Every structure is written in C-alpha cells, then in structure tokens.
Amino acid sequence: MSCDLTQRLVPGYMDGELDLVRTIEMETHLKDCPVCAQKLEDQQGVRAVLRRSSLAYVAPAVLRDRIQSSLRPSAKMDMEVRENGIQWRSLHVFRWAGAVAVLILFSLSCWQLTPPLREPSTDQRIAAEVFSSHVRSLEADHLMDVLSTDQHTLKPWFDAKLDFSPPVEDLTSNGFPLVGGRLDYLDGREVAALIYQRRNHFINVFVWPTPTGSDSAHSIESQQGYNIVRWSRGGFQCWAVSDLGASDLAEFVRLLKNYNSSEPN
Amino acid sequence: MSDTARRERFEQTVLPHLDAAYNLARWLTRNDQDAQDVTQETCLRAFRFFDRYQGGSMRAWLLTIARNTCYTWLRKNRQHDSIESFDEEIHSTELCGSADPEIQVLAAADKETVNRALEELPDVFREALVLREMEGMSYREIAKVTAVSLGTVMSRFARGRTRLRQSLTAELSRRY
C-alpha cells in the first residue's frame, strides 16, 4: 500500500470504518513506515483533545418547551391569552374559563354572522394550503428541489419520487418557461410542484391525482395579493398560484390546459 | 393517524434528538439565539414532513433537516460562502500537515481554546467533526447527512483534524 493511500485512509482506520482487508494492509504499512505512523499519531492526538474537551451543547430547556408548545394548538391559545395581558396566572381556572368563554362567543358570532365560515370547504382549505406553500417556497432556497428547464429531466425525477406521474409541460415558447420542480405536501399527501416563471414572477403549479377523476373548469380567487386558479383535467387536480395578474395567470392556465389536448378550452 | 397521535409519535421519536439538532445548529451558526431559532424551524419542518420519514436513523433524518435549515439560514442572514466552492479547494490541495510531533503541546489545550479553534474551522470540516466526535455518527450516516461521498467524508476528517491541530499548536506555542 502506498503512503499516499495510507494517509488518505488514516481517518477511516482509526475510526474503525475500514473493512478487514484494508485494515490489515494499513497495519502492515504503518509498522514499517514512520512517516505514516506519525500522521496517524497526529490525527489520534487531535481526536483525543476533541473528545476530552466534551464540547457538545445541550438544547436549553426553554427551547424544548417552546417547540413542544408550538406543536400543540391548545398551548398556542394559552400563549395568546397570556400575551393579551390577562394577568390571572395564579387563577388558572379563570384563565381557562375566560379562554373557553371567548371561544364560545367567537364561534357563536361566526355561526350567526357568517354561516359559510363555520366549516371551510375542502377547496377553501386547500386554497389556504396552496397559498402558504407558495409563500414558503419563495423563501430562500425552498423553491426548487430540482432545477431544470427540461421536462425530460423533471418527469422521471417526479416519477421516481411520487406514486403518480404528473404531466410536465414546458411553455417557454409561450413566455412561461419551466424552471424547476419540487415535492410538496398538500391536502394530506405528497404532490408535485412545478415552477414556471414569467418575467420576475414565479408560478407554482401543484398537481396530484383527483379522487373523482372528472374534469372541471377553472376558478380563480385571490388571497392577499396572490391569485389562485384551480382546475382538474385528465385525472389530475391542479392548482396554480402566483403574484402574477389574474389575466396573465388565466392565460397561463389556458395554455397549460391546451398543451396536450386537442379539446378546445 | 389523528393529529394527536401524530404529534405524540413525533414527540416520542423525534424530540429525543433535539440536543443533537441544537448542537449541530449551535456549531454551524456559532450563536445560541440563532441556533435556537434554526432548531425550532427544523422541528416544525420535521413535523410537517414527518410522514415522509421512511425508516432508518431518525437522528440522521432530523440532522439532515437541521443542516439544510442551517445553511439556508446562513445564506439568508450572513455573508456565507457556498460549501461547494470550498470543496473544490479541498480536492485541489494536497493532503498535508507538518509531521513534527506536538502531542505534548496539544495536551495543554484547555476546553476554551479547543472550542475557539473548532469554531474557526471552515463549515465543512466543523460539521464533519461535530457529527463524528460529538454525535458519534458513522461515516455512512455523515455522508448521508452532509450529502457527499464516503471518500469526501474521510478526506474532510483528515483535513479538518490537521487544520485543527495546526491552529491549536500555533495558538498554544504562541502562549507558552
């Protein structure tokens, strides 16, 4: 075994990560080569210093509490009550009673004033998820898992990761280049997210199989400056979301729907 | 799975690795408050993607998310060199390190000095050493978490330890 190879394998040797044959070869070489033996000793010396210093940090208790309460919806409400300045800390009963009363009042008023709010429809719920997924995806580096403008790269990538094969179309010639793809999670399942670009605007298109399998016309709604369009076609449910203007987005959806279809829109 | 059951399972299987996630975040951000923020975001992302976990080491899974969250955070909040560009440097420089024995000098290294020397190492070496020496992970797990080959993991250890040794001996020789 050469000195070069031996020195490259020194970490694996001392951490017991080499196979038996390599280990024996290393031992033979190290016995006869003072230079390599010195390298090993140097590395072991540093490792010993590192281990002896016990430098690992432990998560502060307050962080653990904060994470646990952020997972619990009830605890969130508890925190909000506290933040609103209700200083009944010693009287837990009152605090809870207060919170419950507020909840009851709130739900009563919702019931009376705006009946549709009582139970958001599936579409409303998905629209909210689509909206927040889009916003989150625009945060640094969340937008794309795979960066490719080539539908022949993207399609197999999705096929390997999902239990369905989403339609992937490139609309570059129409001014909406495909720029990448991502896996996302919506409506309790994994979905394909295709990212298109129009000037400086990004469009997220979420695609997953629809349970009913029937085609439906698209509908548009807007939420906090973003436009959301939904439609289904060819057994897939599709949601497009962007800060593009409603007419541009509608044009995009029309192109996408027509791309692989002989049917007029 | 109901929301409650899902949360309970998450708390039982993922939260035991909170210290490991915080430790990695603490060493990569080099700051307690930032590490806390990153760790909290890590846990929320892990909770969101909990259904995607497909067996294997839960700690490695969480640490992969923690690491990605850290680098995203670092790129957004600090002037941060991309780790890839650093890798080029690793492969083009020769594996080296002076051979004079400084073991006795190293023996005098106190915790604070070692801590500082490790903090000053480039991210790729620091994270590899943290995962190995503090979390006791295998090379294979480290390769998976840091998304590089086993060979790269090994060369990062060699280089990381050599650099650490050089900076410790320089610091200690200056002092004594």
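The values are calculated or read from the model by the stated rules, or taken from the named source; none is laboratory data. The structure displayed is predicted, hence computed values, not measured ones. We place every Cβ from the backbone using ideal geometry, glycine too, and count neighbours over all the protein chains shown.
Some observations on this one:
- Any hit, the range A:4-16, residues being out of contact with any Lys or Arg (no Cβ under 7 Å at 6 or more places or on another chain), farther than 20 Å from B:ARG161 by Cβ and at the interface with chain B (Cβ under 9 Å from one of its Cβ atoms): no
- The residues of the range A:18-45 that are of a type in the set (D, E, K, R) and surrounded by 20 or more Cβ atoms within 10 Å (Cβ to Cβ), listed by number, are A:LYS39, A:ASP42.
- Single residue of B:GLU112, B:GLU120 found to be farther than 20 Å from A:GLY12 by Cβ, modelled with pLDDT of 85 or more and facing another protein chain (nearest Cβ under 10 Å): B:GLU112
- Here A:ARG95 qualifies as away from chain B (no Cβ under 14 Å), at pLDDT below 65, surrounded by 13 or more Cβ atoms within 10 Å (Cβ to Cβ) and over 30 Å from A:TRP239 (Cβ atoms).
- Hey, A:ASN204 out of contact with any helix residue (DSSP H, G or I) (no Cβ under 9 Å at 6 or more places or on another chain) and at negative phi or not: no
- Of the strands (runs of 3 or more DSSP E) lying entirely inside the range A:178-226, the ones with 2 or more residues being farther than 24 Å from A:LYS155 by Cα are found at A:216-223.
- Checking each residue in the range A:18-47 for being facing chain B (nearest Cβ under 8 Å) and touching a helix residue (DSSP H, G or I) at 6+ places or on another chain (Cβ under 9 Å) picks out A:VAL35, A:LYS39, A:GLU41, A:ASP42, A:GLN43, A:GLY45, A:VAL46, A:ARG47.
- Residue match in the range A:59-74 (condition: more than 10 Å from chain B (Cβ to nearest Cβ), modelled with pLDDT under 90 and buried (at least 16 other Cβ atoms within 10 Å of the Cβ)): no
- The range B:49-60, subset more than 8 Å from chain A (Cβ to nearest Cβ), farther than 21 Å from B:ASP123 by Cβ and part of a helix (DSSP H, G or I), residue modelled with the lowest pLDDT: B:PHE50
- Pick from the range B:22-48, criterion facing chain A (nearest Cβ under 8 Å) and within 19 Å of A:ARG72 (Cβ to Cβ), ranking: surrounded by the fewest Cβ atoms within 10 Å (Cβ to Cβ): B:ARG48
- Annotation: A:SER216 fulfils all but one of (1) surrounded by 14 or more Cβ atoms within 10 Å (Cβ to Cβ); (2) modelled with pLDDT under 85; (3) of a type in the set (S, T, N, Q); (4) touching a strand residue (DSSP E or B) at 6+ places or on another chain (Cβ under 6 Å); the unmet one is (1).
- Given (1) under 34 Å from the mean Cα position of the chain (by Cα); (2) at pLDDT 90 or above; (3) part of a helix (DSSP H, G or I), index of the condition A:GLN43 fails: (1)
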